[in-house]
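Here's the structure we're looking at; comments come further down.
The values are calculated or read from the model by the stated rules, or taken from the named source; none is laboratory data. Because the structure is a prediction, the values reported are computed rather than measured. Here Cβ is always computed from backbone atoms with ideal geometry, including for glycine, and neighbour counts include all displayed protein chains. The area values use the complete protein model at the heavy-atom level, side chains included, leaving out ligands, DNA and RNA. Shrake-Rupley method; radii C 1.70, N 1.55, O 1.52, S 1.80 Å.
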Amino acid sequence: MLFPQHSHDHSRSARRRLAVLSATTATALGLAVLAAPSADADHGARHQGSGHHSTGHHHGSRPTYRDARLPTKARVADLLGRMTLAEKIGQMAQAERADIDADTSQITSLGLGSVLSGGGSVPGSNTPEAWANMVDRYQRAALQTRLGIPLLYGVDSVHGHGNLDGATIFPHNIGLGASRDARLVKKIGHITAIETRASGPQWAFAPCICVARDDRWGRTYESFGEDPRLVRRMETVIDGLQGRKGQLDRPDHVLATAKHYAGDGLTSYRDTPTDPNDYPIDQGVDEVSHAEFARLALSPYPDAVRKHHIGSVMPSFSSVDWTEDGLGNPIKMSANRELITGVLKHALGFQGLVISDWRAIHQLPGTYADQVEASVNAGIDMFMEPFSGDPVGYPQFISTLTQLVNTGAVPMSRINDAVRRILTVKFKLGLFEHPYTDRSLMDTIGSRAHRAVARRAVAESQVLLTNKRRTLPLSKRAPVYVAGGSANSMGNQAGGWTLTWQGSPAGVIPGTTILGGIQQATNAPVTFSQDASAPVPADANGVVVVGETPYAEGPGDVAGPSWAPNGVQTMQLSAADRAAIDTVCSQAATCTVLVVSGRPIILPPEVVDEVDSLVASWLPGSEGQGVADVLFGREPFTGRLPVTWPRTLDQEPINVGDAARGKSYDPLFPYGWGLTTRRR
Ligand code: GLC
């Protein structure tokens, strides 16, 4: 049974029970349980409310916390000792930029700790300069507070700085998982950090270290794969984003976020809606045993914390139903004290900050006060409460939490733990010394060098599923006939989190489409006819680029019949794409089908039979030439499936290892499948 989640019992016995439970889970994870820092240490802090006396020694007029020569711990202790309760709680609140952009005075009056850009929330003109000017304008408001604590600015740089027009847009994680190239993924993290920080934000809500187990989940594309070992191998992206310890204060690094803790990719598919605002699988319930949850949900986190020193963690919208039979009482991760405080902070020794997901605490039971109390006491340190009016958001969060501290429902030790973590991150990012954007790397945003790395990642992410009669690589002497809905669609090939939250088929960003890459790769005539209505030359090599339209979260869930209103994704070929395949494959000399999607698509046997070669292209991003590089043999095919490719939808969930667990495993293409070719 889980630690009573809504307990406010901070007695010694409760803490002991928490330690025991954490030890149990830590053992399941194969971890030595670290001594849990005692909450007593801060009991003395309970009466620090006044906050006007300083605990540090003075160097002349400059207060201790401003002395960059001192260790961060000492600076944090000094600053914490100076803060009032209001200043502490302000640091725990994060607003959305649209809410404060017209009037930044609330940043100063409330002493906000952070501002974010939600998906698609961009400055008036979407340029690096406008971004940096925007972030710096908010920063100026933060520095006008009594203690001048700088602001953290966060953004979802999940495949490059996707909100910024002109940024280098990399393949989404599922394609990077197909590359199996941990060194390249680290390089991608570094470039992402450069292009993010040079435009202002110092914090990326990335990477998702989710382990996607049911491809009907609309966020499968954000996962490096279905095997936690592959996900762990790709965590080098964190080193790219943050650099090594002590490098967070450089202009080419950002604070990274391991998300969504834990079990976001482990939720069960719901055949019928329980709540019209729900989605079939996103933000659902993990109905698994302790062992399965440890193996598939928690296992990416020890390395993220201990090996890669992740600076922040974001709890998942999902719930875990912890009882063995999976029929018990699912608890939302945002209120899961045993897993956030017990396992993550104590057993794993995570010292960074825990940031709630977007209004996630509003999904908890009870009143807003109940929700704030449960999530703060669970161990969340900063709250993504984006709005200030209707719906309820950061101002109400601040007043509610203040009330909870004054009544003792939330102990001062919890507030001090949260603020200590937040201040530590800000000192490590160098924000007290350099609060404003360092623009020295701004002109590298979208540079040829960055795009060349993205192009290489696209090539390495392509998975060759079938290749009859060695159709690929294509000759450069034969004419090419290109068709399909995703051949000339930058929006489709970039996917979600690109300029807008959900992305759009019509989205245009600088870069090269797959068609453009083909046209650059060969001097032979290239015909493009999206619906294959133009005549198909009998001697042409046909290339039909099919797949999904973009999505980011819930709308990407595969909508079963009873879910039609919510989702439009089917994991099936559209009629137009199927028609284009049939037309081209019946008339051209050879036909190759490229699937541009965030996950496997169901391919009927007759389609697999009629095509000569089949490629999983995933969501390549802005550098479509990488696809042509392997199509025409400039690079070899080396990619391998990061997820199992099912024959039919009702095989889901189907994953590597099923057979060893007594489940049937008869996919169209197994996990790890991928043919290779040689360079031409
Ligand atoms: C979203 C996502 C999360 C993202 C956050 C801020 O709902 O769940 O991954 O970081 O909100 O955009």
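One residue alone among 384, 333 is surrounded by 21 or more Cβ atoms within 10 Å (Cβ to Cβ), over 22 Å from residue 286 (Cα atoms), in contact with a helix residue (DSSP H, G or I) (Cβ under 9 Å, 6 or more places away or on another chain) and in contact (Cβ under 8 Å) with a residue 24 or more places away in the chain, and that residue is 384. Scan the stretch 111-133 for residues that are buried (at least 23 other Cβ atoms within 10 Å of the Cβ) and more than 19 Å from the chain's Cα centre (by Cα) and report the count. Qualifying residue count for the region: 5. Among the helices (runs of 4 or more DSSP H) confined to the stretch 122-220, the ones with at least 3 residues that are within 23 Å of residue 447 (Cβ to Cβ), of a type outside the set (Gly, Ala, Ser) and more than 16 Å from the ligand (Cβ to nearest atom) are located at 128-142, 182-197. Listed by first and then second residue, the pairs with beta-carbon distance under 6 Å, at least 6 apart or on different chains, first residue in the stretch 342-363 and in the same structural domain as residue 264 (by TED's automatic domain parsing), second open to solvent by 10 Å² or more (accessible area, probe 1.4 Å) and of a type in the set (Phe, Trp, Tyr), are 357/317; 360/317. In the set 583, 570, 590, only one residue is away from the ligand (no atom under 16 Å from the Cβ), open to solvent by 20 Å² or more (accessible area, probe 1.4 Å) and within 19 Å of residue 503 (Cα to Cα); that residue is 570. Looking across the stretch 299-347, the residues that are of a type in the set (D, E, K, R) and either under 22 Å from residue 364 (Cα atoms) or modelled with pLDDT of 95 or more (or both) come down to 303, 306, 307, 321, 332, 337, 338, 345. Among the residues of the stretch 221-239, those that are surrounded by 24 or more Cβ atoms within 10 Å (Cβ to Cβ), more than 16 Å from the ligand (Cβ to nearest atom) and acidic (Asp, Glu) comprise 226, 235. Taking the condition acidic (Asp, Glu) and assigned to a loop (DSSP other than H, G, I, E, B), does residue 303 pass? It is false that residue 303 is acidic (Asp, Glu) and assigned to a loop (DSSP other than H, G, I, E, B). Just one of the numbered conditions (1) modelled with pLDDT of 95 or more; (2) open to solvent by less than 40 Å² (accessible area, probe 1.4 Å); (3) over 22 Å from residue 635 (Cβ atoms); (4) touching a strand residue (DSSP E or B) at 6+ places or on another chain (Cβ under 7 Å) is not true of residue 528: (2). Return yes when residue 115 is free of Cβ contacts under 8 Å to residues at least 60 places away in the same chain and not in a loop (DSSP other than H, G, I, E, B) and no when it is not. The answer is yes for residue 115. Only residues that are under 26 Å from the mean Cα position of the chain (by Cα) and more than 15 Å from the ligand (Cβ to nearest atom) were counted in the stretch 372-384, giving 8. The helices (runs of 4 or more DSSP H) found wholly in the stretch 387-469 and carrying at least 1 residues that are more than 30 Å from residue 361 (Cα to Cα) and either among the small types (Gly, Ala, Ser) or in the same structural domain as residue 143 (by TED's automatic domain parsing) (or both) occupy 448-461. Each residue in the stretch 118-132 was checked for being of a type in the set (S, T, N, Q) and in contact (Cβ under 8 Å) with a residue 60 or more places away in the chain, and 1 pass.
Screening residue 369 on (1) within 16 Å of the ligand (Cβ to nearest atom); (2) among the hydrophobic types (A, V, I, L, M, F, W, C); (3) open to solvent by 10 Å² or more (accessible area, probe 1.4 Å) shows it passes everything except condition (1). Here is a check on your reading of the model: is residue 199 crowded, with 24+ Cβ neighbours inside 10 Å, closer than 30 Å to residue 673 by Cα and of a type in the set (S, T, N, Q)? No; evaluated as a whole, the condition is false for this residue.
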